[in-house]
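Report on the structure given below.
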Amino acid sequence: MKHLLLTLVATSFLAACTNAGEADATPATEDSVAAHPASNVLADLGGERTGPVYTKQAGDTLALSGYDAVSYFANGGPVEGSADFTVLYQGYEYRFANAENAAAFQAEPAKYAPQYGGYCAWAIGANDALAPGDPQVYKIVDGKLYLNFSKAVAEKWQKDIPGFIAKGDVNYPTHAPDEHYATN
């Protein structure tokens, strides 16, 4: 496993260095800047969005409020990621605390990305509604990351986690990928 991670890290590093050199030789265009918002992207994993992804504001591309998605699965819990370790997935920026976590995400992004695009698991399950997910209020269920709006909402969600997940799995795909939570 360590060998695989080291290989992924080395490959990512080499790709980043190669792409950085190519970027210097190619003039930046508006399209290329929009496609790669962060200049220090380790990898672009591509992928089609199946639903909306929560960001602070509509049009932003920073997922999980900048928290390291892999860190949720470690003993220490969530930590903020660094722009130095950015990976694009489904058009969004995921940041990581270190190269090892970035490599783990690159190997299995669907394993680590939050369910329901980082929106509140209770809101999507109970009300078919989009509400922001707080990266500090989370639970791993069956190897998947779920966020909730607040601790009070998480208490409601915990009363029937399997039921809310079943409903959320049906409700979430009905929301358009460009839909965004609005405060108005």
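Working only within region 56-95, note down all residues that are of a type in the set (Val, Ile, Thr) and modelled with pLDDT of 95 or more.
VAL70, VAL79, THR86, VAL87
Any idea which of (1) within 16 Å of the chain's Cα centre (by Cα); (2) more than 20 Å from THR61 (Cα to Cα); (3) in contact (Cβ under 8 Å) with a residue 40 or more places away in the chain is the one LYS144 doesn't satisfy?
Of (1) within 16 Å of the chain's Cα centre (by Cα); (2) more than 20 Å from THR61 (Cα to Cα); (3) in contact (Cβ under 8 Å) with a residue 40 or more places away in the chain, only one is false for LYS144: (3).
Could you tell me whether LYS159 is loosely packed, with under 14 Cβ neighbours inside 10 Å and in a helix (DSSP H, G or I)?
Yes; evaluated as a whole, the condition is true for this residue.
Each row is one residue, and each column tells you yes or no for (1) in contact with a strand residue (DSSP E or B) (Cβ under 6 Å, 6 or more places away or on another chain); (2) not hydroxyl-bearing (Ser, Thr, Tyr).
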residue: TYR54; (1), (2): yes, no
residue: ASP60; (1), (2): no, yes
residue: SER65; (1), (2): yes, no
residue: SER71; (1), (2): no, no
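VAL70 versus (1) surrounded by 22 or more Cβ atoms within 10 Å (Cβ to Cβ); (2) closer than 16 Å to TYR119 by Cα; (3) of a type outside the set (Asp, Glu): which is the lone unmet condition?
All conditions pass for VAL70, except number (2).
One line per residue, one yes/no per condition, for (1) in a helix (DSSP H, G or I); (2) touching a Gly at 6+ places or on another chain (Cβ under 9 Å); (3) not basic (Lys, Arg):
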position: LEU145; (1), (2), (3): no, yes, yes
position: ALA154; (1), (2), (3): yes, no, yes
position: PHE164; (1), (2), (3): yes, yes, yes
position: ASP169; (1), (2), (3): yes, yes, yes
position: PRO177; (1), (2), (3): no, yes, yes
position: HIS180; (1), (2), (3): no, yes, yes
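Starting from region 96-125, keep only residues that are on the phi > 0 side of the Ramachandran plot, then list their pairs with residues that are among the β-branched types (Val, Ile, Thr) whose Cβ atoms are within a distance under 8 Å, requiring at least 6 positions of separation or different chains.
Cβ pairs passing all conditions: TYR116/ILE124; GLY117/VAL53; GLY118/VAL53.
The values are calculated or read from the model by the stated rules, or taken from the named source; none is laboratory data. Predicted model, so just to flag it, every value in this text is computed and none were measured. Backbone-built Cβ (ideal geometry, glycine too); neighbour counts: all protein chains shown.
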